[in-house]
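The values are calculated or read from the model by the stated rules, or taken from the named source; none is laboratory data. Quick caveat, the model's predicted, so the values are computed rather than measured. Cβ placement follows ideal geometry from the backbone for every residue including glycine, while neighbour counts extend to all protein chains displayed. Surface areas here come from the heavy atoms of the whole protein model, side chains and all, with no ligands, DNA or RNA. Shrake-Rupley method; radii C 1.70, N 1.55, O 1.52, S 1.80 Å.
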Amino acid sequence: KKFCKEASYLPDGEYRELGGKVWINYMPQINDPELGIVDTPARVDHDSGEIQINSTKFRTYTIPIRMVMLMHEYSHWRYDNTDETFCDLEALRICLGLGFPKTECIYTFTNILNESHQNHVRMKQIVNYIHNYR
């Protein structure tokens, strides 16, 4: 939460909590050795727990959007799960439980996901989850 609040002005670099297994690598762009520059705002290494964040994009997002994104990536690592929808819903469970607005949570996904059929199905599940969240 602290990182998301301060991300607008934090310099690029590595951020770790003392004793934490997951860490953030905050960089102007995500560069994959095999794929080159990756056009995603964030991704996680499933083995190490390193969350790579494109700082150029991330700085433009609101705090709730940043939180949903980070909790999504964290969920991939925490549950050793590659299912995008599972991690979407887990991120929502955490962020809605922390009191973040439902509209911001929906906006996270409408702002980031492209218009593919697969993402349309994802959005239906996300909206349904948020609508029924209590």
- Pull up region 117-134, narrow it to residues that are touching a helix residue (DSSP H, G or I) at 6+ places or on another chain (Cβ under 9 Å) and open to solvent by 40 Å² or more (accessible area, probe 1.4 Å), then point me to the one that is nearest to Asp39 (Cα to Cα). Gln118
- Message: Under 7 Å between Cβ atoms, which residue pairs at least 6 apart in sequence (or on different chains) link something in region 55-82 that is at pLDDT 95 or above with a partner that is aromatic (Phe, Trp, Tyr)?
- Response: Ser55/Tyr26; Pro64/Phe100; Ile65/Tyr107; Arg66/Phe58; Met67/Phe100
- Which one is nearest to Asn81 (Cα to Cα) among residues in region 10-50 that are of a type in the set (A, V, I, L, M, F, W, C), open to solvent by 30 Å² or more (accessible area, probe 1.4 Å) and more than 16 Å from the chain's Cα centre (by Cα)? Leu35
- Item | Within region 10-54, tally of residues that are part of a loop (DSSP other than H, G, I, E, B) and either among the acidic types (Asp, Glu) or touching a residue at least 60 places away in the same chain (Cβ under 8 Å) (or both) | 7
- Task: Answer yes or no as to whether Thr103 is assigned to a loop (DSSP other than H, G, I, E, B) and within 21 Å of Lys1 (Cβ to Cβ).
- Result: no
- Message: Condition (residue is over 16 Å from His46 (Cβ atoms), open to solvent by 70 Å² or more (accessible area, probe 1.4 Å) and either in a helix (DSSP H, G or I) or hydrophobic (A, V, I, L, M, F, W, C) (or both)) applied to region 78-95: is it met by at least one residue?
- Response: yes
- Task: List the number of the failed condition for Ala7; all other conditions in (1) open to solvent by less than 40 Å² (accessible area, probe 1.4 Å); (2) of a type in the set (Gly, Ala, Ser); (3) without any contact (Cβ under 8 Å) to a residue 40 or more places away in the chain hold.
- Result: (3)
